[in-house]
Each structure stands twice: as structure tokens, then as C-alpha cells.
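See below for the structure under consideration.
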Amino acid sequence: MAAAVGVALDGARAAALLALRDLILHERRTAGLTAVADPSEFLEKHLVDSLSCIPVAAPQAGEALVDVGSGAGLPGLAVGVACPGVAVTCVEAVQRKAAFATRAAAALGVPARVVHARAEDLGQDPEYRERFDVAVARAVAPMPVLLELTLPLCRPGGRFVALKGPRADAEVEAARRALEVLGGEVEEVRRLRLPRSGAERRLVLVRKVRPGPEGFPRRAGVPERRPLS
Ligand SMILES: C[S@@+](CC[C@H](N)C(=O)[O-])C[C@H]1O[C@@H](n2cnc3c(N)ncnc32)[C@H](O)[C@@H]1O
């Protein structure tokens, strides 16, 4: 199924992704990870969907990628499995989810770093600010909010890929001011259908064209309460 979204996996990587699925399904209730309980539905809706960002984000070995609002580790850990040599960091605000993703990365042997934090705080921390070549985020926030959480983490010239549903065009339209303030330009909105259900997806590729202004991101919670619009 991964091939249908443009990702080639050898047997070992496909097996590692199935192991990730099984770990998430095993702990899905206790750690509050997902409502999807059916393994084949999970495979398409969560794993294949997560992998779909790879051809657009095109992370290269040696590059640093951050997954903002990673939850159980998606798409970050899936990218870590599929793209060896990419330094993956998963950022998650909820402790029990971050703890799960840490355990899952260790169990799978994915050398990903999981950080329990708010993206707004990392965006003002010199250890993380403008340190990543690529950012990705799936099911975290509307575009204007998401841009404030992710672009400050990208280096100038770096890129951000938002995994979105069919209303992405309207979200991009609503994000004009956020793009202007944060130094982003939309390069592409790629349309995609998931292979089994035919569900529509959009991958929004944003280039960071200049360094971000100092006051952004604002304090934790402010981007969501007062989105740039
Ligand atoms: C609906 S879940 C999606 C999780 C995962 N990306 C996925 O696709 O399965 C959204 C996650 O984003 C996290 N989140 C929301 N705002 C955040 C922020 N400002 N910093 C870090 N994590 C955040 C939430 O705690 C939640 O786990």
C-alpha cells in the first residue's frame, strides 16, 4: 500500500511499520492514542497516510526533521522507519503520548528523539529554533496556527509539509497573513487519494523564505487563542 503513495519499502521496513501499528493498537486505550481499532483501517488511515508526506517533504539522509504534535509518533516515527539517516525529532505536548512514542522508537530501533514540550516553547529555544531542515505535522491545528508552531523551527530555506484533508485550499487562503508574518510561501498543494478508501488528502508544501521575526512563536496557547489572520 505504501507504493500507492510513492514510497518504496523493503521487507524489514514494512515489518517495522507493522510492528509500530501493533504497538499503537496494543496501547491505544491506555495511552489514549487513537479511536481506530481495526488493523487494516489503521494501516491505511494512519500509516499509509503518514508515509504520504515523504515524496513531498523529500527528507534526505543527514537532514533534521521535526514532527510537531506527534501524538503516538505519527508521522515522525513512520518517516524515521522509511527514511534511514534522517534525524527525526517528535514534539508532543501530552506526557503519556510522548512517553509512548519514546518506548515505540526504542522498541523499533528508530533513532528518533522524542521531546515532551509545547512547540511554542521550542520555537523560542536556541537549541531548536530554526534548527530543522524539514517540519511535518498531521492533524494538529488549522493552518494559521500550525504555521506559527512549525515555521519558527525550520531554518531559512527549509520546508514544512502539512498533512491535510480536502479543505486545505481554504485553510491556505485563511493563512495568508500568517505566511507573510512568519516568512513562508506555499510552493505546492498536492492532491492525493488514499489507496483503499479513496479518502481525499492534501499535502501543503511551504518554503521558509526568510528568517522568522523574533516575537514568534508567541507564548504557549496564544497562537491557538489569537491565530494570525
Ligand atoms: C489529533 S493529535 C494528532 C497526533 C499525530 N500527529 C497523528 O497524526 O496521529 C494532535 C496532537 O498534537 C499535540 N499538540 C497540539 N498542540 C501542540 C503544541 N502546541 N505543541 C506540541 N504538541 C501539540 C496534541 O497533544 C495531540 O497529541
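No lab work stands behind these numbers, since they all come straight from the coordinates. These figures come from a predicted structure and were not determined experimentally. Virtual Cβ from ideal backbone geometry, glycine too; neighbours counted across all protein chains shown.
Assorted remarks:
- Averaging the sequence gap over all C-alpha pairs within less than 8 Å and six or more residues apart, then dividing by the number of residues, gives the chain a relative contact order of 18 percent.
- Here's how it looks for Val88: its modeled amide H is under 5 Å from those of Leu65, Arg113, which are all 5 or more places away or on a different chain.
- In order through the range 45-61: 3J(HN,Hα) via Karplus (6.51 cos²θ - 1.76 cosθ + 1.60), integer Hz, x for Gly, Pro: 5, 10, 6, 5, 4, 4, 5, 4, 6, 5, x, 7, 6, 6, x, 9, 4
- Spherically averaged projected area of the convex hull of Cα atoms, the range 121-210: 5.7 nm².
- Helix 95-108 axis, angle to the chain major axis (alpha carbon atoms, nearest 10°): 50 degrees
- Arg159 long-range amide H proximity, modeled H, under 5 Å: Val134, Ala135, Lys208
- Under-5 Å amide H pairs with Glu130, H placed in peptide plane, nonlocal only: Leu153, Cys154
- In nm, spacing of pseudo-spin labels at Arg96 and Arg210 (7 Å Cα→C-beta vector): 4.5 nm
- Degrees between helix 11-27 axis and first principal axis of the chain (Cα, 0 to 90, nearest 10): 80 degrees
- Most fluctuating residue given options Gly184, Gly165, Gly123, as computed from a GNM of the chain linking Cα atoms under 10 Å: Gly165
- With one equal scatterer per alpha carbon and no solvent term, the Debye-computed log10 I(q)/I(0) for the range 75-154 at 0.20 1/Å reads -0.93.
- Overall form of the range 95-135 per C-alpha gyration tensor (a/c, 1.5; a/b vs b/c): oblate
- According to the calculation over all Cα-Cα pairs in the range 24-160, the P(r) per 10 Å bin from zero is 13, 46, 34, 6, 0 %.
- Hull-based mean projected area of the chain, where the convex hull spans the alpha carbons, in square nanometres: 11.0 nm²
- Electrostatic dipole magnitude of the range 116-229 [Cβ: Lys, Arg +1; Asp, Glu -1; Cα centre; debye, to 20]: 400 debye
- Under 21 Å from Lys208, Cα to Cα: lysines that are on another chain or at least 8 residues apart: Lys164
- A convex hull fitted around the alpha carbon atoms of the range 1-62 yields 103 Å³ per residue.
- Approximate shape of the range 26-69 as ellipsoid semi-axes (Cα gyration tensor, √5λ), whole Å, largest first: 26, 14, 7
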